[in-house]
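The values are calculated or read from the model by the stated rules, or taken from the named source; none is laboratory data. As the structure is a computational prediction, the values presented were derived from the model and not from experiment. Methodologically, a virtual Cβ is constructed for each residue, glycine included, from the backbone with ideal geometry; neighbour enumeration extends over all protein chains shown.
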Amino acid sequence: MAAITACGAGAPSGPAAQPERLRVQVVAELPHDPKAFTQGLEFAGDTLYEGTGLVGRSTLRAGPAGGPPRVTVSLPEPLFGEGITIAGPRVWQLTWRNGIAIERDPHTLAERRRVEYEGEGWGLCHQEHGDRLVMSDGTARLTFRDPATFAETGSVTVTDGGIAVTELNELECVGRDVYANVWQTDEIVRIDPRSGTVTARIDASGLLSPQEQQDADVLNGIAAYPGTDQFLLTGKLWPKMFRVNLVPVA
């Protein structure tokens, strides 16, 4: 995915800096499979990759945004699919409590191998600056991994004003920043992974109507549109995806 500069990127991230306050501004709505328990969302060129979860229902899909996937593969039980990312010639897919990362072919999505890791798998993204994977596990910790071997290379604790920010879920790497859905909220945080400092808090509430929310689960899915400052947002069991700008809170 081509690096892009999102609204407010490069903002000061020192201890005294306050996070920017941003909100989403909807540009367009796209259809989304309401049965998809979205765990990971990422573009590679014009192809949107989506990983879904739940035992017996976990998949990885690839195709045009808003259209039917061209390729879909399923995870066998008892695997519970989680975050995904594209790192050059490979796709990595996490599992929740199975301790397994699956490397896949980016074109066919065929499984190549499995790598074990400790702890839970939640979100994953590939940071081109430094060529490393960034992984979340539901805590305030982000783990850095080698994109070829999946070996751990370091970690950082995410904080806002010195307070740990936990339940970091689906991730998106954009330039030098990492964006994270905060589980069970309508908030996304932008993180400087060098220090772990939260540099922006993004209000993504109000995307679904009250009627749509009745059958939907939480916000979880953020993909940067290559070559733009825009993002595609969705959630677990959501009937829609939203192409959005990030704008300052008035």
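Looking at segment 1-99, the strands (runs of 3 or more DSSP E) lying wholly inside it that each contain 1 or more residues that are out of contact with any helix residue (DSSP H, G or I) (no Cβ under 9 Å at 6 or more places or on another chain), under 23 Å from K240 (Cβ atoms) and at pLDDT 95 or above sit at 20-31, 38-44, 47-52, 59-64, 71-74, 81-87. Of the strands (runs of 3 or more DSSP E) lying entirely inside segment 137-212, the ones with 1 or more residues being crowded, with 16+ Cβ neighbours inside 10 Å, under 15 Å from the mean Cα position of the chain (by Cα) and touching a residue at least 24 places away in the same chain (Cβ under 8 Å) are found at 141-145, 168-174, 177-182, 187-192, 197-203. Scanning segment 55-87 for residues that are buried (at least 16 other Cβ atoms within 10 Å of the Cβ), out of contact with any Leu (no Cβ under 9 Å at 6 or more places or on another chain) and without any contact (Cβ under 8 Å) to a residue 40 or more places away in the chain yields a single hit, L79.
Every residue, every condition in (1) in contact with an Asp or Glu (Cβ under 6 Å, 6 or more places away or on another chain); (2) modelled with pLDDT of 95 or more; (3) under 16 Å from G88 (Cβ atoms), yes or no:
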residue: D105; (1), (2), (3): no, yes, yes
residue: L109; (1), (2), (3): no, yes, yes
residue: G123; (1), (2), (3): yes, yes, no
residue: L142; (1), (2), (3): no, yes, no
residue: A148; (1), (2), (3): no, yes, yes
residue: G154; (1), (2), (3): no, yes, no
residue: V158; (1), (2), (3): no, yes, no
residue: G162; (1), (2), (3): no, no, no
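Within segment 20-34, residues that are closer than 17 Å to L219 by Cβ have Cβ atoms under 7 Å from residues that are loosely packed, with under 13 Cβ neighbours inside 10 Å and of a type in the set (V, I, T) in these pairs: L22/V249; R23/V249, counting only partners at least 6 apart in sequence or on another chain. In this structure, G121 does not satisfy being surrounded by fewer than 21 Cβ atoms within 10 Å (Cβ to Cβ) and assigned to a loop (DSSP other than H, G, I, E, B). Selection of segment 226-238 for residues being in a loop (DSSP other than H, G, I, E, B) and closer than 25 Å to G138 by Cα yields K236, L237, W238. Exactly one residue out of A110, A101 is under 21 Å from G53 (Cβ atoms), more than 14 Å from the chain's Cα centre (by Cα) and either in contact (Cβ under 8 Å) with a residue 40 or more places away in the chain or buried (at least 19 other Cβ atoms within 10 Å of the Cβ) (or both), and it is A101.
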